[in-house]
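Quick notes on the structure that follows.
The values are calculated or read from the model by the stated rules, or taken from the named source; none is laboratory data. Just so we're clear, the structure is a prediction, and the values are computed from it rather than from any experiment. Please note: Cβ atoms are built from the backbone with ideal geometry, for glycine as well, and neighbour counts cover all protein chains shown. All accessible areas refer to the heavy atoms of the entire protein, side chains included, with ligands and DNA or RNA removed. Shrake-Rupley method; radii C 1.70, N 1.55, O 1.52, S 1.80 Å.
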Amino acid sequence: MSVASHPTSAHFERDARQMHDDKPLSPGSIAIGVIIGRMSEFFDFFVYGLASVLVFPRLIFSFAADPVTATLYSFAVFSLAFIARPIGSLVFMWVDRTYGRGMKLTIALFILGGSTASMAFLPGYESIGVWAVALLALFRLGQGFALGGAWDGMASLLALNAPKSERGWWAMVPQLGAPIGFALASALFGYFYTSLSDADFLSWGWRYPFFVAFAINVVALFARLRIVASREFGELFENHELRPSPVLETLRVHGRDVLLGAFAPLASFAMFHLVTIFPLTWVFLRGGQSAGEFLFVQILGAFVGIGSVVISGAIADRIGRRRQLMIGAVLIAIFSFSAPFLLEAGGKGQDAFIILGFAILGLSFGQASGAVSSRFSLRYRYTGSALTSDLAWLVGAGFAPLVALGLASEFGIIFIGGYLISGAICTFAALTLSRILDSSEHQSAAER
């Protein structure tokens, strides 16, 4: 069968663009779709992340010698999604080129929502033994694989439709999905955790947030397909700005830029799970306050994060996104010196850790998406940005809870500060090198 005879959504997308040609999408309409899409993805991941602290160590890894070891096993499975994500990008890039973006998004989001919802039916280790671990790992791999396929280029569409003087402002919009998704996941878990007995929560209460994930993914799918079917998306797709290119070819032409882009946001990505998943782990295992109370403190922190993400857009348009990320890296490095002491200072210190942590994270994370995407040429921008995002999450955030808990339990909480500093150094070095390369290329172009 030839490629041309494959069923594809491309024709339906073109027909939809013609139908809606008289109804152009404003940047605001695109922004809403982008936020819904990102929120659904982060909600799925945070539902799993919170369960990896509160549920899976006791339900799936009950064979472990102690709670810390059980949580380390849980975080090892947590990391699998970030390993599977680049593989998903490779497979779904091919699906995109062969069958169309609408089909790619539909398949990816149903796998993402289905993998998350399937976790709600997991029996415990006491019921089926090691198969419980295998199924959890399989569904987690499914989440990561599907998230790689969920890359849609809509953040780029938003940036390309925004006024040039407001690129920083519109660049922060997709990043709002993370704190919103985290707040929603924390609210659901917090409600069931505080309303039910421990036995009921571990038996059935924790499963409800996983059901909600599938419904949210369906809503997100329709919001994103509406944008894919827009005239604006179609024009940029036909001009190759949102068209996928072969991965190996992209790496051959822009391998250095992919590597720089992966390390540029490392400070914020390293801090990402250290203010969301890890502190709940520390409170749950070491005390200071109840996990239920702390979940609601984290919701407050998420709202602070929303505010600082918004502020990052205003600042970036004044001083530039690269400088904004450098300032964020410096703030994260400074925070790393106080973070361990705050976590060990009891309830008040832990609350301060969350509020300060989210405030600083938002200022950096708000501009972390596509920080060096301008270095990609037109033909390779879409694929290059996807690969950059996959690698940044893998290196910066994928193993953060596992590494942080391992270091803290083995050598002391002070060592998580060193982890944060290493991320800040990588960000500063990548951005500095990117600036040097930009200056060199501009000078070479001027001489020619």
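If we scan region 371-386, do we find a residue that is surrounded by fewer than 19 Cβ atoms within 10 Å (Cβ to Cβ), outside any helix (DSSP H, G or I) and over 19 Å from the mean Cα position of the chain (by Cα)?
yes
Of all residues in region 337-348, count the ones that are touching a residue at least 40 places away in the same chain (Cβ under 8 Å) and surrounded by fewer than 15 Cβ atoms within 10 Å (Cβ to Cβ).
The qualifying residues number 2.
Which residue is farthest from the chain's Cα centre (by Cα), if the candidates are limited to region 336-370 and must be more than 29 Å from Gly88 (Cβ to Cβ) and of a type in the set (Ser, Thr, Tyr)?
By that ranking, first place goes to Ser338.
Which one is farthest from Phe182 (Cα to Cα) among residues in region 302-336 that are in contact with a Gly (Cβ under 6 Å, 6 or more places away or on another chain) and open to solvent by 50 Å² or more (accessible area, probe 1.4 Å)?
Asp317
Taking Ala368, is it crowded, with 19+ Cβ neighbours inside 10 Å and not in a helix (DSSP H, G or I)?
Criteria met by Ala368.
When you scan region 124-152, how many residues do you find that are over 26 Å from the mean Cα position of the chain (by Cα) and not hydrophobic (A, V, I, L, M, F, W, C)?
5
Taking the conditions exactly as written (open to solvent by 50 Å² or more (accessible area, probe 1.4 Å), over 22 Å from Thr383 (Cα atoms) and more than 21 Å from the chain's Cα centre (by Cα)), does Ser62 satisfy them or not?
Answer is no for this residue.
Yes or no: region 143-152 includes at least one residue that is open to solvent by 10 Å² or more (accessible area, probe 1.4 Å) and charged (D, E, K, R).
Within region 143-152 (the criterion being open to solvent by 10 Å² or more (accessible area, probe 1.4 Å) and charged (D, E, K, R)), the answer is no, since none of the residues qualifies.
Residues Gly114, Gly168, Gly190: which one is buried (at least 22 other Cβ atoms within 10 Å of the Cβ) and either at pLDDT below 95 or under 25 Å from His273 (Cβ atoms) (or both)?
On the way: Gly114 fails: buried (at least 22 other Cβ atoms within 10 Å of the Cβ); Gly190 fails: buried (at least 22 other Cβ atoms within 10 Å of the Cβ).
Exactly one residue qualifies, and that residue is Gly168.
Can you name the residue in region 387-404 that is more than 14 Å from the chain's Cα centre (by Cα) and either buried (at least 23 other Cβ atoms within 10 Å of the Cβ) or among the aromatic types (Phe, Trp, Tyr) (or both) and is also nearest to Phe82 (Cα to Cα) among such residues? Outline the logic, then answer.
Let us first name the residues in region 387-404 that are more than 14 Å from the chain's Cα centre (by Cα), namely 401-404.
Of the ones still in play, those that are also either buried (at least 23 other Cβ atoms within 10 Å of the Cβ) or among the aromatic types (Phe, Trp, Tyr) (or both) are 401, 404.
On the way: Pro401: 12, Ala404: 16 Å.
Restricting to residues being more than 14 Å from the chain's Cα centre (by Cα) and either buried (at least 23 other Cβ atoms within 10 Å of the Cβ) or among the aromatic types (Phe, Trp, Tyr) (or both), the top hit is Pro401.
Please work out which one of (1) out of contact with any Ser or Thr (no Cβ under 9 Å at 6 or more places or on another chain); (2) in a helix (DSSP H, G or I); (3) free of Cβ contacts under 8 Å to residues at least 24 places away in the same chain is the condition Pro57 fails and give its number.
With respect to (1) out of contact with any Ser or Thr (no Cβ under 9 Å at 6 or more places or on another chain); (2) in a helix (DSSP H, G or I); (3) free of Cβ contacts under 8 Å to residues at least 24 places away in the same chain, Pro57 is out only on (1).
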